[in-house]
Amino acid sequence: MSDTSVIHDIGYQRYAGARLGRAYAVRALFEHGLRVAFGLGRSAKAKIFPWIVVGLVTLLAVIAVAVRAQTGETFLPYQELPSVASLLVLVFLAVVAPELVSRDLRNQTLPLYFSRPIKRSDYALAKFAALFTASWLLMAGPQLLLFAGSAFSTGTGAGAWAEARGMLGGWVVSALYALVFSSVSVLVASLASRRAFAAGAIVVVFMVTTPVVGLLISLGGDGNLAKLAPLASPFLLPEGVRVWLYHADSLPIGSFGPLYALVTVLLTAACTLLLLLRYRKVSL
């Protein structure tokens with residue numbers, strides 16, 4: 001038996017290509033999350049639910065365009081579409097948010113993400129950004145369809161410009177709803193590794209306070225209790241900001257509009273901070 005050793009060259013080489021770095025990894029994570037939200041690049045089964053919700057929200061815009069074409073009256077203003085579709089958006093997020101974060105916790109794939117080059121905060125913010133963008137597109141797309149069906153029926157440039165301003169205002173409201181809903185949803189989903197539990201928890205967090213707020217509004221009458229009660233519900237909070245910005249009358253917020261805006265900012269910031277802390281402490 002020979003004591004000599006032989007080293008065989010089996011072709012291993014150092015990687016000499018471009019190293020795309022942290023920014024590219026974060027962008028790829030965001031793009032992947034956005035595709036997952038709508039089931040793109042996945043099986044047909046994964047596409048069914050998100051596109052049913054997209055179809056239902058789009059149907060609202062189609063009905064509004066048809067009513068306006070027949071009667072000449074605005075059936076559903078741009079700024080009101082997010083409010084009307086808010087329940088559908090919540091159901092969408094209750095399913096999509098666990099897909100984005102709970103699956104990684106369940107399958108224990110976080111060590112692969114955090115090995116390098118991204119940081120834990122990069123992962124958390126990329127998931128939040130993907131969920132925010134998906135929920136905003138869910139509302140902004142039908143608003144664009146509403147604009148396409150209404151602007152060109154005005155027959156004048158001034159009318160088309162007025163419709164464009166209305167659509168931009170609607171996009172702002174959509175961003176408000178998407179910001180509040182997605183920040184709360186991704187935080188709740190990050191706390192559960194089972195998607196069913198995470199989805200149920202998201203719905204409970206949003207809906208458990210809504211009946212209580214409704215009761216307080218009815219009991220408060222014209223007093224401050226009724227005007228401040230919606231602050232306790234993340235489901236109604238963005239609607240309060242919309243009422244303040246566009247002088248709507250769907251909620252009796254009185255002169256507390258700036259407070260609703262402040263609470264919206266604080267809630268979003270608090271959820272984002274807690275999300276970052278969650279992934280700073282999450283076990284690998």
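List of remarks:
- Any hit, the stretch 119-142, residues being more than 18 Å from Thr272 (Cα to Cα) and among the aromatic types (Phe, Trp, Tyr): no
- Val212 at pLDDT below 90 and surrounded by fewer than 19 Cβ atoms within 10 Å (Cβ to Cβ): yes
- Taking the stretch 59-114 as the range and being β-branched (Val, Ile, Thr) and in a helix (DSSP H, G or I) as the test, the residues that pass are Val62, Ile63, Val65, Val67, Thr71, Val84, Val89, Val91, Val95, Val96, Val101.
- Within the stretch 196-231, being closer than 30 Å to Arg103 by Cα and not β-branched (Val, Ile, Thr) holds for Ala196, Phe197, Ala198, Ala199, Gly200, Ala201, Phe206, Met207.
- With respect to the conditions (1) within 26 Å of the chain's Cα centre (by Cα); (2) open to solvent by less than 60 Å² (accessible area, probe 1.4 Å), Ala226 falls short on a single one, namely (1).
- Ile118 passes every criterion in (1) assigned to a helix (DSSP H, G or I); (2) aliphatic (A, V, I, L, M); (3) open to solvent by less than 30 Å² (accessible area, probe 1.4 Å); (4) more than 30 Å from Leu237 (Cβ to Cβ) apart from (1).
- Selection from the stretch 21-45 of residues that are within 21 Å of Leu93 (Cβ to Cβ), open to solvent by less than 80 Å² (accessible area, probe 1.4 Å) and either aromatic (Phe, Trp, Tyr) or at pLDDT 85 or above (or both): Leu29, Phe30, Gly33, Leu34, Val36, Ala37, Phe38, Gly39, Leu40
- Applying the criterion of being open to solvent by less than 10 Å² (accessible area, probe 1.4 Å) and not small (Gly, Ala, Ser) to the residues of the stretch 166-183, the residue that is nearest to Arg103 (Cα to Cα) is Phe181.
- Per this entry, Ser218 is counted among residues that are modelled with pLDDT under 85 and either open to solvent by 70 Å² or more (accessible area, probe 1.4 Å) or in contact with a helix residue (DSSP H, G or I) (Cβ under 6 Å, 6 or more places away or on another chain) (or both).
- Meets criteria (surrounded by 14 or more Cβ atoms within 10 Å (Cβ to Cβ) and in contact (Cβ under 8 Å) with a residue 40 or more places away in the chain) for Leu76: yes
The values are calculated or read from the model by the stated rules, or taken from the named source; none is laboratory data. These numbers were taken from a predicted model, which means no experiment stands behind them. Ideal geometry is used to build each Cβ from the backbone, glycine not excepted, and the neighbour counts take in all protein chains shown. Just so you know, the surface numbers come from the protein's heavy atoms only, side chains and all, with ligands and any DNA or RNA stripped out. Shrake-Rupley method; radii C 1.70, N 1.55, O 1.52, S 1.80 Å.
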